[in-house]
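Here's the structure we're looking at; comments come further down.
The values are calculated or read from the model by the stated rules, or taken from the named source; none is laboratory data. Here the structure is a predicted model, which is why all the values come from computation and not from measurement. Cβ: placed from backbone, ideal geometry, glycine included. Neighbour counts: every protein chain shown. Ligands, DNA and RNA are excluded from the accessible area calculation, which covers all protein heavy atoms including side chains. Shrake-Rupley method; radii C 1.70, N 1.55, O 1.52, S 1.80 Å.
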Amino acid sequence: MQKVTILAAVSVLLVSGAAWADQARYRLDVKGLACPFCAYGIEEELKEIDGVAKARTHVERGVVIVTMEAGAALKRSAAKKAVKDASFTFGGLKHVKAKE
Amino acid sequence: MRRTPGLALVLAAVAITVSPWRAHAGAQTFNTALPVADGEVVLREQFFYRSAGNDPRPASRDAQGWGAISVLGYGATSDLTLFGVLPVARKSLDATTPGGRRVEQDTAGLGDARLFGRYTIYHDDAPGRTFRVAPFAGLEVPTGRDDDRDRFGRLPQPLQLGSGSWDPFAGVAATWQTLTYEVDGQLAYKVNTRANGFEFGDVARADASVQYRVWPRELGTGVPGFLYTTLGANLIHRQENDRVGASDPPSGGTQVFLSPGLQYVTKRWVLEGVVQVPVAQNLNAAGLNDDVIARFGFRVKF
């Protein structure tokens, strides 16, 4: 019984790890972002995009790190539109591998 | 108690010289050109207290007002933001009549609402900074009571909560913002129209404000809260009021305020406070000088 429990726990960890590995992450450069109160709008616009799991702003660098749901990808056109709808200027989109 | 029309006229003559106390929405005291995202809603609540006194004239007038101004902003598009402003206030005026009696008149309730739109016509964005220009235009609508009465009769028009008139206004706001500081400026003009045989003088204003981030000194990851010290300046010029069929003491004039304050800004909410101190007042004849105006409040995004 103890062996079954351990095997089950290891399986869950392996599956979770695989899911994380499938979550694409992007670095979105946003020009014009210069205060905390402005960050809320861009994050909400990004979360409206299908497949976006999380959007985290780093205001000093002027970037938003976007994490997608497993298997989803972020289209450049969708990211540009989200930045424009938030009333900022698109500065670039890059697929990043390492956790930022 | 029997009404005394003569006393009412005297009080009206005294009260007419009090500057009209209107709610002025703003950065803390005026509009900025900062963005509101498409579909975003910003709620702002500002509580204020205003005092005017130290009257050297025999009437020895003391006027006070306090209340709350609610502002709702909606991002109709990424460039167009629509605003609604609704004040609730209590206003009071104490004065000594020529007969030596000290009397108080007061009223409380909704004031006149403002509806306006602001459109970003220019923005220049770079990493960590932005410069924006946004004209705005709207209408002050007569939602406040303009026929309030007390035992002396109808309250004088400057003491009424509402003007009874539909008053258009327009202006332009500009904002330069970096991660460390922000500079805002505004020019605005309001045309006051006639109602109840009375017309407030038009109002022209020029405002400027500087904010400097004092904490945190170094920015790390994420979105930390910013603490700003702020310093603003407000130049307000009012033309003379005009009353049909009556000759009132000269009103209107020019005031300059310096407005130091503090503002704490997070991703979703803001806490702020400012004190407006009059540094120059050139009010016509019998105008009542402001002592101080204090404002504090919060903003929240949805």
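Descriptive notes on the structure:
- Accessible area (Å², 1.4 Å probe, nearest 10) - B:R299: 40 Å²
- Taking 25 Å as the limit for the C-alpha separation, the pairs A:K3/A:K54; A:K97/B:K301; A:K31/B:K301; A:K94/B:K301 exceed it in the case of A:K3/A:K54; A:K97/B:K301; A:K94/B:K301.
- Averaged over the residues of B:120-127, the number of partner chain Cβ atoms lying within 10 Å of the residue Cβ comes to 5.
- Candidate aspartates and glutamates for bridging to A:K47, where Cα separation is under 15 Å - those fewer than 8 sequence places away on the same chain excluded: A:E69, A:D85, B:D38, B:E40
- Computed with a 1.4 Å probe over protein heavy atoms only, the accessible surface of the stretch B:123-196 comes to 38 Å² per residue.
- Among the residues of A:36-49, the average count of other protein chain beta-carbon atoms within 10 Å of the residue beta-carbon is 6.
- Between B:D106 and B:R154, the simple label model (points 7 Å from Cα in the Cβ direction) yields a spacing of 2.4 nm.
- Counting only protein chain heavy atoms and rolling a 1.4 Å probe, the accessible areas of B:S70, B:S251 rank, largest first, as B:S70, B:S251.
- Euclidean distance between Cα centres, the stretch B:32-68 to the stretch B:122-147, Å: 17 Å
- For the stretch B:15-157, with +1 on Lys and Arg beta carbons and -1 on Asp and Glu, the positive-most of B:G111, B:V85, B:F136 along the dipole: B:G111
- Between B:W269 and B:L43, the simple label model (points 7 Å from Cα in the Cβ direction) yields a spacing of 1.1 nm.
- Annotation for B:W166 and B:N282: the two label points, set 7 Å from Cα along the Cα-Cβ direction, are 3.6 nm apart.
- Area buried, chain B against chain A - accessible surface, total, 1.4 angstrom probe, square angstrom: 2500 Å²
- For the stretch B:143-182, accessible area lost to neighbouring protein chains reaches 10 Å² or more, against the chain alone with a 1.4 Å probe, at B:Q177, B:L179.
- Given their separation in residues at 0.36 nm each and the Cα-Cα distance between them, A:V96 and A:R76 gain 5.8 nm when the chain is fully extended.
- The largest accessible area among A:L28, B:L258 belongs to the first residue in B:L258, A:L28, and the rest follow in falling order (1.4 Å probe, all chains).
- Stokes-Einstein diffusion coefficient of the protein assembly as shown, Kirkwood radius over Cα pairs, 4 °C, 1.567 mPa s, in µm²/s: 55 µm²/s
- Range of Cα positions in the stretch B:36-96 per principal axis (Å), largest first: 56, 17, 11
- Heavy-atom accessible area for B:F302, with the other protein chains in place and a 1.4 Å probe, reaches approximately 120 Å².
- Over all distinct Cα-Cα pairs of chain B, the Kirkwood formula returns a hydrodynamic radius of 20.3 Å.
- Nearest-10 value in Å² for the accessible area of B:L86, using the 1.4 Å probe: 70 Å²
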